[in-house]
Structure formats: structure tokens, C-alpha cells
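The values are calculated or read from the model by the stated rules, or taken from the named source; none is laboratory data. Here the structure is a predicted model, which means the values were calculated and not measured. Positions of Cβ are backbone-derived with ideal geometry, glycine not excepted, and every protein chain shown enters the neighbour counts. Please note that ligands, DNA and RNA were not included when accessible areas were found on the heavy atoms of the full protein model with its side chains. Shrake-Rupley method; radii C 1.70, N 1.55, O 1.52, S 1.80 Å.
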Amino acid sequence: MSGEVAGADAALLRGLVPEVLGILGRRGAGFAAAEDAVQDALTEALRTWPADPPRDPKGWLVTVAWRRFLDATRSETARRGREERAGAEPAPGPAPDRDDALELYFLCAHPSLSPSSAVALTLRAVGGLTTRQIAAAYLVPEATMAQRISRAKRTVAGERFDRPADVATVLRVLYLVFNEGYSGDVDLAAEAIRLTRRLAASVDHPEVAGLLALMLLHHARRAARTGPAGELVPLVEQDRGRWDTALITEGVALLQAALARDRLGEFQAQAAVAALHADAPVAGETDWPQIVEWYDELVRLTGSPVARLNRAVAVGEADGPRAGLAALADLDPALPRWTAVSAHLHERAGERATAARLYAEAAALASSTAERDHLTRCAARLHAGSAG
């Protein structure tokens, strides 16, 4: 959480946050007040643990957070009920073991929250990250992120800790975290995997396993995605020897177990596509027809235009670029990456001038510098080939 605390202690603190929040909630603290108290306790831990580490870290955090909550309660209101709760402080001692992470996942992914607010609240309340770390990861001022988190906490202030929610909503929030990748001093992809592992330990659901498998299979290719200068390396050009085989093995095993339960969901289908890519020793041996079948399932499950766009790419590989362009023609050209996909398929069809023009147009629409530079290089390569 900070350079002031060793990595192991920081990881321990972050892992304890959901448990401590859950304990305070069961003792009667509202979510917003409990979260503030836990953040105060974490700050105190950062200050004191390096010189005087506690024998019972969770018990220490519970005790300090509860006292912070009582102090805030006494100073902010004199209502009788809160005073009665203040007088009922449990005796110090080992904190009970109970995993409250599941309730917190659901609370932080409440349907009334915007996706960005749900992500921020999840990273703070479940992930144990500081507001500064979250702000740095999303490249916004700390004050802006603090306001976003405060609004989110007010939105869910009246919700109960143990109120069930939709697992699919939680998974979408975690997937949003994963897709942010790495920024600031927080590896959000790794953080998303950690939080999804914890969720998988709390709930037996094939889509949770499917999302974890998808994350692991994508994360396995991370080292090969960029070149020495940070340039984007497309999947077909990646050095597969740099893929993490341990993560691939774990991801495939999770996926197979989930699929065996015959409750197919969108994350399982996406993971199946990623597994087929991982299974090919070289790009030329990729089983594209089976990938098309999985995209058919994904389109059936979600109706997602993005899934249909990716399906058009797969059709172009399985049945030829003309078939891919025919599939692409049914989609809205305003769809993100539509122009880049069209450029790729036109290049595969031998229409170099059209492809070069489309690559240049796609570069102007790119959402990241790495993607823009890659598409610009593609356009330049085709222009150079035509000049030669």
C-alpha cells in the first residue's frame, strides 16, 4: 500500500480489509462509517506496524477500526441508539473467522452505481487500495477519486451487508478492473485476478470460474504483448515461448471444470476462445472453425456487437477474408475497432490500397497510443510495399 510497509505486510493489510469491514458491519456500523473507520485503521497500521507489528493483525485492525467508528459516532451525533451501541464494545481478543468478502462484492457492485463508481468502491472496500492508489491507476486527481468514492458510499449507505445481488454484475465490475491493465503503482490486472480468486473461494458459480480462467489465459500472454520499445505485438506475431504455461494450465483446468457443469455463460465462452488460442503451438495451427463456433455461442448469449465483430475476424480466418468482410458488413461501422478489422480483412484479401487507407483511418480513431502507433505502422508498411 505504501513504500513505508514491506510488500508482504501491504498484501496482508489489503487481504484483511473485507473481513474487518464485515465484522464492523455485523456489530452495527453502516457501510460508509465502517469503511471510513477501516481506512483510518489502515493509515495507523502503515504508521506503526513497521516498528511494532501486532501478533494478531486482524484483531488489531478490528479493535482500532471499531474505536475509530465509536469516536466518530460519539462526536457526530448524540442519538440514544448509537450511544447504546457505543457502550456495547466487545472485549478485545481474537477476531472471529468469517469471510465477508462476498457481501462486500455485492454491495460494491450495487446496480444503482455507475460502472466507474462500482470499480472504485470495489478496489477500496474489497481490494484495500488507498484513494491515492486508485486515482493514480485511473489517471485522475486524488480529490476527484475521493469525491467519486464518497458519492458511491452515500449511494449504498442504506443497503444491508448481507443483501444478495447479481453475480453477473460483480463479474462485470471485476472484468472492468482487469481490462485497465497496469497504471500508476498498481497492477490492476493482477489485482483483478486476486479479487476474482477470492470471490471464487466464496461462491460456487461456473461463471466465476469462467471469468478467472479468462483472466489467467489473457494474463499468460502479457509478457509477449509488447516489444522492446513498448510497441504493440499482435497475437499472430507474439513469441509463444514467452507465454506463461503455468497460468495457461490453471486457466484451462478451471474452464474445463466450469464447462462440465453445463451452465454456459459469456465468460466461459470467452475463456474457451482464449484457451483455443493458447492451445495452438503456432498461430497457423489455431483452430479457427471452433473459435467461430464459440463466438456463435457468445453472440447467442449476449447479442454483443463486440462479440459479432470478433466473430467476423474469426470467420475471416476460418472461411477466408471475403466471408469475414460479408460478416462485417452486417455491423455498424461506428463500432469501435470496426475500421481496423475492415483494414485487416481487406489486406488479407489482397486489397492493399484500401487496407492502407483504412489502417490510417483506424489509427486516427484509436483509443490508446500503442494501438494508434501499431495501426500507423501497418498503413506505412502497405504504402511502402506499394511504392516498391
- Using the structure shown, decide if GLU317 is among the charged types (D, E, K, R), open to solvent by less than 80 Å² (accessible area, probe 1.4 Å) and more than 21 Å from GLU231 (Cα to Cα). yes
- Message: If I ask for residues that are farther than 15 Å from VAL233 by Cα, open to solvent by less than 80 Å² (accessible area, probe 1.4 Å) and under 30 Å from the mean Cα position of the chain (by Cα), which ones from the stretch 362-384 would you list?
- Response: ALA362, ALA363, ALA366
- Message: Looking at the structure I just gave you, is ARG308 open to solvent by 60 Å² or more (accessible area, probe 1.4 Å) and within 22 Å of HIS218 (Cα to Cα)?
- Response: yes
- Item | Per-region count, the stretch 147-199, residues in a loop (DSSP other than H, G, I, E, B) and either modelled with pLDDT of 90 or more or open to solvent by less than 10 Å² (accessible area, probe 1.4 Å) (or both) | 1
- If THR354 satisfies every condition in (1) over 31 Å from the mean Cα position of the chain (by Cα); (2) closer than 23 Å to THR226 by Cα; (3) of a type in the set (S, T, N, Q) but one, which is the exception? (2)
- In the stretch 338-361, what residues are aliphatic (A, V, I, L, M) and either open to solvent by 60 Å² or more (accessible area, probe 1.4 Å) or touching a strand residue (DSSP E or B) at 6+ places or on another chain (Cβ under 8 Å) (or both)? ALA353
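Let's see how each residue does on (1) of a type outside the set (A, V, I, L, M); (2) at pLDDT 80 or above:
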| site | (1), (2) |
| --- | --- |
| LEU42 | no, yes |
| PRO50 | yes, yes |
| ASP56 | yes, yes |
| LEU70 | no, yes |
| GLU76 | yes, no |
| GLY81 | yes, no |
| ALA95 | no, no |
| ARG98 | yes, no |
| ALA109 | no, yes |
